[in-house]
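See structure below.
Computed from the coordinates by the stated procedures, all read-outs in this text should not be read as laboratory data. Since the structure is predicted, the reported quantities are computational estimates derived from the model, not experimental observations. Here the Cβ positions follow ideal geometry from the backbone for every residue, glycine too, while neighbour counts run over all protein chains shown.
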Amino acid sequence: MPRPQPHLEEVLASEPGPHIAALFDFDGTIISGYSATAMLREKFQRREMSVEEIAETAQVIAQHSLGNIGFSGLMTAAAKFMKGVDEESFVAFGEELYKKHIARKIYPETRAIIEAHQAKGHRVAIISSATIYQIEPTARDLGIADIKCSAYEIEDGVFTGEIVRPLCFGEGKVLAAEELAAEYGLDLDQSFFYSDSDDDIELLERVGKPRPLNPNMKLKGIADERNWPVQRFASRGTPSWIDYARTIYATGSLVGAFAAGLPIWALTRSQREAVNFSMGLFGDFATAITGVELEVEDERHLWSSRPCVFIFNHQSKADVMILAKLIRRDMGGVGKKEIRDIPILGKLMEWGGTVFVDRADGKSAIKAMEPLVDAIREEGKSICIAPEGTRSLTPKLEPFKKGAFHLAMQAGVPIVPIVIHNATDVAPKNEFVMRPATVRVTVLPPVDTSKWTPKTINSHVRDVRNMFLRTLGQSEESAADSVAAKTVEAKPAKAAVKEAPAKKPAPGKKAAVKKPSPRKGRTT
């Protein structure tokens, strides 16, 4: 059963309107853990810190933990290490940090709360003591346009080694919230603030609806005294040994499931029946052991038009067991060639009907998929493909490749879209552990491909992708958007940067991102 989410339910029942703000702390509230820790770890792994810097950083952190220096002293020490560094390089570092570490730390429950506020028309903003480089990629992903945060001083695109005061900490967060209120006409007495720390007590007391999320012990005590509603999330953070055990057993169950199918192969001489048995068994066992429950809408479409080409949005490694449970039999798939080299797993998947392709070599991939046309026409198998080509970092849908659409057209079979809403709740990209979750799946009606031609394929791909976008509640793509995207992809990266230069504010100005773009609105 899904865990109750009182904060989400409160938002869904709340008054709509742009006069209400939903303010969020970042570290520990939107993401699990601290982005600064991830930043230090990444710099250490890149060997971008000297021995002296490592020693001094450890000393400063220890002093801060002991209460000997405040947050201002911590930021001042950090700013010293930034002196002389080009800001553009740090922007790129922040983007890389997001892809490798931060994206998978976003609490899906907090994402749901943010989306609920946005649906109500509330003004959503991040107010954090972290810097813009730690926050902006996540804010862009979440569709949050307003950021107030701490900043390093910059002159001529280079960090000076000083900080911009006042910092966005303690009373500084209250000032930031009041700036937003003055700018947008917000009523803070009717507004929400979500935070995990007692460091934010000033702003929690200022708003009308303080809402502790994953609170530390001191904030939990304050919340209990003042009857503030508290909610904790276990979907991210340090996994338990049970989570590890679930994941290992679920992954290993693929071997056990195929071993269980060997007697069927031996007795019936039918590899197909053996694979069908093993695939269904794997799907049932793996989802059960990981605690993944499926809520499937319009499941009948899974069976109404076989053989077909099933396409799905690829969010998580959990998608494999989800699809095995749903499709169950007479299926083949496409995987990246690197999987074939994994001991045992690669051979099992190949035996089960997976074709491995080199995603970097388009001609090779097309040739490798030719047997799939025969499998559909002659064997009546259905093929399962992720048109995004790889797992996405977030639930947002990535562009589609055309391979699955050409395959369906050549084989003369329909496409059946399988829309997976929230498999990232189980295991986001770059995360090993799978956790219990209820995953929503919508199976859309079969799409007839009998009248498709190579000349019209682009519009068909866009139409089908828009079906996914509508079902996921994301903005649809127009024909003009599609052309613009192809034009941008064709340009060199440096040219794209020149067309959208960053605007630098005067020293002393706080960060305030007006548009969730990797370039535009990036201020410090």
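Key figures
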item	result
Whole-Hz couplings from phi, Karplus 6.51/-1.76/1.60, listed for segment 312-328; x for Gly and Pro	9, 7, 9, 9, 7, 5, 5, 4, 4, 6, 5, 5, 4, 5, 7, 7, 6
Spin-label zone in segment 161-182 - amide nitrogen under 16 Å from a point set 7 Å from the Cα of ILE201 along the C-beta vector	169-174
Karplus-derived HN-Hα couplings along segment 200-217 (A = 6.51, B = -1.76, C = 1.60, θ = phi - 60°), whole Hz, x at Gly and Pro	9, 4, 4, 6, 4, 6, 6, 7, x, 10, x, 9, x, 10, 6, x, 6, 4
For TYR98, TYR107, TYR184, order by how many other beta-carbon atoms lie within 10 Å, fewest first	TYR184, TYR107, TYR98
Pairs from LYS43/LYS105; LYS100/LYS218; LYS402/LYS455; LYS402/LYS451; LYS43/LYS99; LYS120/LYS401 whose Cα-Cα separation, in the structure shown, is over 23 Å	LYS100/LYS218; LYS120/LYS401
Residue list for segment 417-444, given a label point 7 angstrom along the Cα-to-Cβ vector of GLN5 and an amide N cut-off under 17 Å	420-428, 435-442
Neighbour-count ranking [beta-carbon atoms within 10 angstrom, fewest first] of MET217, MET39, MET434, MET49	MET217, MET49, MET39, MET434
Anisotropy class of segment 18-226 from Cα gyration tensor, a/c 1.5 cut	prolate
Within segment 50-98, GluC sites (Glu not before Pro) in DSSP loop having at most 16 other beta-carbon neighbours inside 10 Å	none
Proxy reagent accessibility, fewest Cβ within 10 Å first, across ARG47, ARG206, ARG377, ARG226	ARG47, ARG226, ARG377, ARG206
Segment 19-106 shape via C-alpha gyration tensor axes, a/c threshold 1.5	oblate
